[in-house]
Amino acid sequence: MKNIIKVAVLGGGGRTGKYVIDQLLNKGFGVKLLLRNPENLQNINPLVELIKGDAIDAQSIRLLLEGCQAVISTIGQRQGEPLVASEATINILNAMNEFGIQRYILLAGLNIDTPFDKKGEKTILGTEWMKTNFPVIQEDRQKTYNLLVESNVNWTLVRVPFIEFTDVSAEVAVSLEDCLGDKINATDVASFMVSQIFDDKFIKKSPFIANL
């Protein structure tokens, strides 16, 4: 993992993804960004290489990942559109295997369940609310976790509570068992995700992160 110089980014046109791109550039990484409508993105850094395409299209993902050494995804589900999480992950895992890419870091909600969880009351309530109100999306996100577990890549699934979009940074609590806070700053989400590129502590694990 020490030779990572270019990172493929999915979800970079979204609110959290923009923080991730800024952090990657600040740390000297090259960035390739997949966008469905790159012409609509304003004030993009000229150092970012744009790829026009869709995450559920396998060829788009191949174009994105070619020449990269790691993948970061903050991609979310848009209302009324085809399910994206598991299909994108299938495409990403296939392309990673094709190009010999090992590191995959992606963002998810605290509602994803793993065998290692010891969720507290608040986290359980949040998980059950998602299962009740968005069962199809929940199932797709859970399928994504299962795909990761069955894969041979070095993945880290970062689970977060409510994200506040500020440039403020605060103390971050990390746990593999439970979400220890109700919210987290987008700055801290991006910082944690980018830090995982060279950190092997949470490889093949799903840490919760939250501000205290």
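Would you say Thr156 is β-branched (Val, Ile, Thr) and in a helix (DSSP H, G or I)? Break it down into steps so the answer makes sense when it comes.
Values: β-branched (Val, Ile, Thr): yes; in a helix (DSSP H, G or I): no.
It is false that Thr156 is β-branched (Val, Ile, Thr) and in a helix (DSSP H, G or I).
Taking Arg103, is it buried (at least 18 other Cβ atoms within 10 Å of the Cβ), touching a residue at least 24 places away in the same chain (Cβ under 8 Å) and either among the polar types (S, T, N, Q) or touching a Leu at 6+ places or on another chain (Cβ under 8 Å) (or both)? So that I can check it myself, show each step before the final result.
Numbers: buried (at least 18 other Cβ atoms within 10 Å of the Cβ): yes; touching a residue at least 24 places away in the same chain (Cβ under 8 Å): yes; either among the polar types (S, T, N, Q) or touching a Leu at 6+ places or on another chain (Cβ under 8 Å) (or both): no.
Considered against the rule, which asks whether it is buried (at least 18 other Cβ atoms within 10 Å of the Cβ), touching a residue at least 24 places away in the same chain (Cβ under 8 Å) and either among the polar types (S, T, N, Q) or touching a Leu at 6+ places or on another chain (Cβ under 8 Å) (or both), Arg103 comes out as no.
Which residues, counting only those in the stretch 35-57, are open to solvent by 50 Å² or more (accessible area, probe 1.4 Å), not acidic (Asp, Glu) and not in a strand (DSSP E or B)? Spell out how you get there, then give the answer.
Just the residues of the stretch 35-57 that are open to solvent by 50 Å² or more (accessible area, probe 1.4 Å), to begin with: 36-37, 39-40, 42-47, 49-50, 52, 56-57.
Checking the rest, the ones that are also not acidic (Asp, Glu) come to 36-37, 40, 42-47, 50, 52, 56.
Across the stretch 35-57, the qualifying residues are Arg36, Asn37, Asn40, Gln42, Asn43, Ile44, Asn45, Pro46, Leu47, Ile56.
Need pairs with beta-carbon distance below 9 Å; first residue of a type in the set (D, E, K, R) and assigned to a loop (DSSP other than H, G, I, E, B) and within the stretch 183-209, second surrounded by 19 or more Cβ atoms within 10 Å (Cβ to Cβ) and at pLDDT below 95; sequence gap 6+ or separate chains.
Note: no pairs meet the criteria.
Only one of these is surrounded by fewer than 22 Cβ atoms within 10 Å (Cβ to Cβ) and closer than 15 Å to Val194 by Cα: Lys118, Lys18. Name it.
On the way: Lys118 fails: closer than 15 Å to Val194 by Cα.
Answer to the selection: Lys18.
Would you check if Thr166 is surrounded by fewer than 19 Cβ atoms within 10 Å (Cβ to Cβ), among the polar types (S, T, N, Q) and assigned to a loop (DSSP other than H, G, I, E, B)? First the steps, then the outcome.
Values: surrounded by fewer than 19 Cβ atoms within 10 Å (Cβ to Cβ): yes; among the polar types (S, T, N, Q): yes; assigned to a loop (DSSP other than H, G, I, E, B): yes.
Taking the combined requirement at face value, the residue satisfies it.
Can Ile112 be described as open to solvent by less than 80 Å² (accessible area, probe 1.4 Å), within 17 Å of Ser175 (Cα to Cα), in a loop (DSSP other than H, G, I, E, B) and touching a strand residue (DSSP E or B) at 6+ places or on another chain (Cβ under 7 Å)?
On the way: open to solvent by less than 80 Å² (accessible area, probe 1.4 Å): yes; within 17 Å of Ser175 (Cα to Cα): yes; in a loop (DSSP other than H, G, I, E, B): yes; touching a strand residue (DSSP E or B) at 6+ places or on another chain (Cβ under 7 Å): yes.
Yes; evaluated as a whole, the condition is true for this residue.
Against the definition (open to solvent by 40 Å² or more (accessible area, probe 1.4 Å) and either under 27 Å from Phe99 (Cβ atoms) or touching a strand residue (DSSP E or B) at 6+ places or on another chain (Cβ under 8 Å) (or both)), how does Val172 come out, yes or no? Steps first, answer last, please.
Details: open to solvent by 40 Å² or more (accessible area, probe 1.4 Å): yes; either under 27 Å from Phe99 (Cβ atoms) or touching a strand residue (DSSP E or B) at 6+ places or on another chain (Cβ under 8 Å) (or both): yes.
Yes, satisfied.
The values are calculated or read from the model by the stated rules, or taken from the named source; none is laboratory data. Please read these numbers as outputs of a predicted model, since none were measured by experiment. Reconstructed Cβ throughout: ideal geometry from the backbone, glycine too, with neighbour counts over all protein chains shown. The protein model used for the area step is the full one, side chains on, heavy atoms only, and it has no ligands, DNA or RNA in it. Shrake-Rupley method; radii C 1.70, N 1.55, O 1.52, S 1.80 Å.
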